[in-house]
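Nothing in this text is a laboratory measurement; each read-out follows from the coordinates by a stated rule. These figures come from a predicted structure and were not determined experimentally. Using ideal geometry, Cβ is built from the backbone for each residue, glycine included, and neighbour counts are taken over all protein chains shown.
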Amino acid sequence: MRMTRESAVENARNDLASRLNVDVGSISEKSVSDKEFRDMSLGAAVDGEMAAQMIAYGWIIELESGGKTYEYRADKYQLRLHNFNGANHVVV
């Protein structure tokens, strides 16, 4: 599935709402910025994952809920949740 910046944000909002067990309307977009990542895991490898060491272009998506900020990392092909409860997660 190819993602655009907008669809990556929408997927991230839906994922976070599900993880926090809240309505998606309570998730606000804090910021979205272009990012050049150092590897194909977008700098958010999951335990035991080996990622190709090549530049990946994508976005850092910061969402807010309940006064906390959550960081997602995305490119055209994947979406990852960075450091959620101390771990990275592959969403798509």
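Miscellaneous remarks
- Subset tally (residues that are loosely packed, with under 15 Cβ neighbours inside 10 Å and of a type in the set (S, T, N, Q)) for region 1-21: 4
- Qualifying residue in region 22-39 (condition: out of contact with any Gly (no Cβ under 9 Å at 6 or more places or on another chain), of a type in the set (Val, Ile, Thr) and surrounded by fewer than 15 Cβ atoms within 10 Å (Cβ to Cβ)): yes
- When region 48-82 is limited to residues that are out of contact with any Ser or Thr (no Cβ under 7 Å at 6 or more places or on another chain) and of a type in the set (Ser, Thr, Tyr), the one that is surrounded by the most Cβ atoms within 10 Å (Cβ to Cβ) turns out to be 72.
- For region 19-66, the tally of residues that are assigned to a loop (DSSP other than H, G, I, E, B), among the polar types (S, T, N, Q) and closer than 18 Å to residue 83 by Cβ stands at 1.
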